[in-house]
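Take a look at the structure set out below.
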Amino acid sequence: MLQRLLVHDLAIIDQLDQTFGPGFVVFTGETGAGKSIIIDALGLVLGGRADPTLVRAGAEAARVEATFTLAGPTQTAITMILARESLDVEGDVLVLAREVRREGRSTARVNGRMVSAPVLRELAELLVDVHGQGEHLSLLRPREHVYMLDRFGGLEGEREKLAGLVRGIHGLRQELRTLRQNERERERRLDMLDFQIQEIGAARLKPGEEAGLLQERARLGNAEKLTAQADDAIQALVGDDESDGAADLLGKAARSLAALARIDGSLTEPQATAANLAEQARDLSATLSHYRERLAHNPKRLNAIEERLETLSRLQRKYGERIEDVLAFAERAQAERDGLANASDRIAELVERETVTLTEISRLGEQLAGRRKQAARKLSAGIERELADLKMERGRFSVSQERQPADDGVPTEAGRVAFDLTGLDRIEFLIAPNPGEGLKPLAKIASGGEAARLMLALKGVLAQADPTPTLVFDEIDQGIGGRVGAVVGRKLWAIAAGGGHQVLCITHLPQLAGYADQHFKVEKLITSGRTSTQVRSLSTEERAAEIAQMLGGTGEKIRASAEELLVEIAADRAQAGEGGRTTGSTGKRVRA
């Protein structure tokens with residue numbers, strides 16, 4: 001509920017710091033005193049339009065701050081939004097703030113943290129329902145009617161079960177659309193993948209093969225030069241007919257050192273070294289001879305290598321820098337092809353699941369629609385009783401349940417119909433306030449006292465189903481007289497007492513104001529040539545004086561009438577508290 005409202009420099013409000021209690025709260029005062037400015041302030045902090053003309057003359061900015069205490073489902077929903085927006089949670093307290101600067105810039109804060117106006121409005125819609133500010137009046141939003149009806153009938157669990165299936169089929173259909181839209185592209189893609197996989201597979205690639213081919217090509221391409229150099233190296237090692245080679249000379253050196261070592265043992269190690277070098281020279285000669293034999297000029301093999309290297313280069317240009325990259329590309333292409341090749345099977349599977357799910361949605365939807373019809377009859381009867389109490393005895397109320405045909409809808413006996421997260425029916429409240437008039441959408445009813453009473457009747461019946469903790473009625477008594485005003489007052493008090501709501505109301509009717517749990521007087525003051533609005537809570541004595549003023553004067557008789565009115569209302573409230581909530585003519589008669 002609204003616990004505290006701070007206002008600075010808004011219109012003719014210089015400074016306001018007011019705390020509110022639970023129950024039924026009324027604001028009274030002379031016309032033009034500034035009562036509606038309080039509603040404007042509340043509307044601003046709830047995310048309404050930031051009008052810079054509201055900034056008080058001489059001030060740079062107008063500031064409004066509202067503190068709410070949270071409980072029950074409202075606290076749960078608010079906490080979820082705060083967590084989503086990474087905002088601080090201050091236990092069961094929520095502080096909304098709004099500042100409008102004269103140049104037009106505005107800022108919004110939640111618990112001291114700056115937020116966007118949409119976030120502020122999202123939170124506000126869970127906290128306050130303002131009659132007189134269309135953007136906050138949930139009863140005038142047809143999309144909200146289905147949720148109100150379900151809360152009234154206790155059908156939220158059934159609706160959520162159906163909504164789970166609807167969410168599932170939305171995902172299923174999205175996958176189906178993607179698969180079907182891409183079918184032609186899928187065929188083209190399959191052809192491309194087949195070509196790529198076949199091209200890479202036909203090459204029979206081996207990791208590291210390119211380096212070996214490059215080496216062999218270099219060898220074959222320089223066969224003559226390599227042969228000549230190899231011959232020179234072999235001759236140097238083994239010699240020819242005219243001279244000894246290095247191997248023979250090292251052998252001779254080894255034999256000479258062996259003879260010396262037999263005389264001088266210190267030469268044993270050099271002799272071994274020489275013998276080892278001679279052996280290595282002979283091995284090297286053999287290796288070079290074998291290499292020389294393989295250096296025969298082979299143009300055919302060289303051409304084959306060139307062709308192979310060109311194949312590798314072409315594949316690398318298309319699929320990857322290295323052979324390993326090309327092979328990895330082929331693996332990915334094969335995996336994608338397998339997935340695309342199975343798309344037809346997947347489509348068939350999804351179509352079957354879609355059929356089964358639509359049938360189940362239809363079953364649950366029909367079941368929910370039947371339960372809603374029962375709840376709608378009870379709701380209509382209750383609201384028409386409320387209208388009768390409010391002197392609209394011949395007013396009629398109904399709940400429209402309409403269906404729209406849709407080719408992609410769920411199957412029913414009447415054909416396929418559209419559906420959404422709420423079910424198969426489009427729910428809307430209809431009203432016929434006067435005899436002879438047809439039922440019309442509630443959202444299109446005329447404004448004024450008649451509309452106010454319709455709203456009150458709806459609120460009275462739906463109070464238990466409406467989770468909004470604070471309800472605000474701006475001059476709900478417009479166009480109605482004192483006798484009906486007493487009934488309205490009793491109903492507003494009953495909504496607060498029986499529905500667990502905090503109800504704030506601006507009124508000109510003493511019969512209505514008499515039912516308040518907390519009574520505030522709004523006054524216009526002129527100090528040092530400046531006009532300002534003051535709001536103060538009335539004591540018991542002050543309240544009787546204010547009621548007398550509202551009845552038409554300050555004389556002793558009028559004062560006595562005011563006191564009598566308050567006594568009778570107190571008795572009526574006490575009787576209602578003992579015997580349950582009383583409404584309309586069934587309660588104790590109240591002086592009108």
Inset, instruction - Hey, can you tell me all the residues within the range 319-330 that are within 11 Å of ILE200 (Cβ to Cβ) and exposed (fewer than 12 other Cβ atoms within 10 Å of the Cβ)? - result: none
Inset, instruction - Look at the range 14-25 and say how many of its residues are touching a residue at least 60 places away in the same chain (Cβ under 8 Å) and closer than 30 Å to GLY500 by Cβ. - result: 8
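Condition check ((1) in contact with a strand residue (DSSP E or B) (Cβ under 7 Å, 6 or more places away or on another chain); (2) modelled with pLDDT of 90 or more; (3) of a type in the set (D, E, K, R)) across all residues:
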position	(1), (2), (3)
PHE473	yes, no, no
GLN478	no, no, no
ALA486	no, no, no
GLY499	no, no, no
LYS521	yes, yes, yes
LYS524	yes, no, yes
ARG530	no, no, yes
Inset, instruction - Would you confirm whether any residue within the range 206-229 is acidic (Asp, Glu), surrounded by 10 or more Cβ atoms within 10 Å (Cβ to Cβ), within 60 Å of the chain's Cα centre (by Cα) and part of a helix (DSSP H, G or I)? - result: yes
Inset, instruction - Please find, among ASP425, ASP407, the residue that is under 34 Å from the mean Cα position of the chain (by Cα), of a type in the set (D, E, K, R) and surrounded by fewer than 17 Cβ atoms within 10 Å (Cβ to Cβ). - result: ASP407
Legend entry - Residue list for the range 166-190, restricted to those being farther than 13 Å from ILE347 by Cβ, among the charged types (D, E, K, R) and free of Cβ contacts under 8 Å to residues at least 60 places away in the same chain: ARG184, GLU185, GLU187, ARG188
Legend entry - Residue satisfying all of: in the range 549-567; in contact (Cβ under 8 Å) with a residue 12 or more places away in the chain and touching a Gly at 6+ places or on another chain (Cβ under 8 Å); surrounded by the most Cβ atoms within 10 Å (Cβ to Cβ) among these: LEU565
Inset, instruction - Mind listing just one residue for me: the one in the range 42-65 that is among the aliphatic types (A, V, I, L, M) and more than 15 Å from ALA117 (Cβ to Cβ) and, of those, surrounded by the most Cβ atoms within 10 Å (Cβ to Cβ)? - result: ALA62
Inset, instruction - Assess whether LEU512 counts as being under 43 Å from the mean Cα position of the chain (by Cα) and within 24 Å of GLN18 (Cβ to Cβ). - result: yes
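Condition check ((1) within 26 Å of ARG490 (Cβ to Cβ); (2) at pLDDT below 90; (3) touching a helix residue (DSSP H, G or I) at 6+ places or on another chain (Cβ under 8 Å)) across all residues:
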{"site": "ARG372", "(1), (2), (3)": "no, no, yes"}
{"site": "LEU379", "(1), (2), (3)": "yes, no, yes"}
{"site": "GLU386", "(1), (2), (3)": "yes, yes, yes"}
{"site": "LEU390", "(1), (2), (3)": "yes, yes, yes"}
{"site": "ARG394", "(1), (2), (3)": "yes, yes, no"}
{"site": "SER400", "(1), (2), (3)": "no, no, no"}
{"site": "ARG403", "(1), (2), (3)": "no, no, no"}
{"site": "ALA406", "(1), (2), (3)": "no, no, no"}
{"site": "GLU413", "(1), (2), (3)": "no, no, no"}
Legend entry - Cβ pairs under 7 Å, 6+ apart, first in the range 84-107 and farther than 19 Å from THR67 by Cα, second acidic (Asp, Glu) and surrounded by fewer than 17 Cβ atoms within 10 Å (Cβ to Cβ): ARG101/GLU60; ARG102/GLU60
Inset, instruction - Using the structure shown, decide if HIS290 is exposed (fewer than 14 other Cβ atoms within 10 Å of the Cβ), at pLDDT below 80 and assigned to a helix (DSSP H, G or I). - result: yes
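Can you pull out the residues in the range 424-445 that are free of Cβ contacts under 8 Å to residues at least 12 places away in the same chain and assigned to a strand (DSSP E or B)?
LYS440
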Legend entry - Subset of the range 337-371 [under 15 Å from ARG186 (Cβ atoms), of a type outside the set (Ser, Thr, Tyr) and loosely packed, with under 15 Cβ neighbours inside 10 Å]: ASP338, GLY339, ALA341, ASN342, ASP345, ARG346, ALA348
Legend entry - Residues of the range 250-276 classified as crowded, with 16+ Cβ neighbours inside 10 Å and closer than 30 Å to GLN229 by Cβ, total: 6
Inset, instruction - Considering only residues that are over 17 Å from ALA375 (Cβ atoms) and among the small types (Gly, Ala, Ser), look in the range 135-188 and name the one that is modelled with the lowest pLDDT. - result: SER138
Legend entry - Odd one out for ALA443 among (1) surrounded by fewer than 19 Cβ atoms within 10 Å (Cβ to Cβ); (2) modelled with pLDDT under 75; (3) over 19 Å from TYR147 (Cβ atoms): (3)
Inset, instruction - Please work out which one of (1) over 29 Å from the mean Cα position of the chain (by Cα); (2) surrounded by 12 or more Cβ atoms within 10 Å (Cβ to Cβ) is the condition GLU413 fails and give its number. - result: (2)
Legend entry - Matching residues in the range 82-107 - criterion: being surrounded by 15 or more Cβ atoms within 10 Å (Cβ to Cβ) and either in contact with a Phe, Trp or Tyr (Cβ under 9 Å, 6 or more places away or on another chain) or of a type in the set (A, V, I, L, M) (or both): LEU82, LEU87, LEU94, VAL95, LEU96, ALA97, VAL100
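The values are calculated or read from the model by the stated rules, or taken from the named source; none is laboratory data. Remember, it's a predicted structure, so these values are computed and weren't measured experimentally. Every residue, glycine among them, receives a Cβ derived from its backbone with ideal geometry; neighbour counts consider all protein chains shown.
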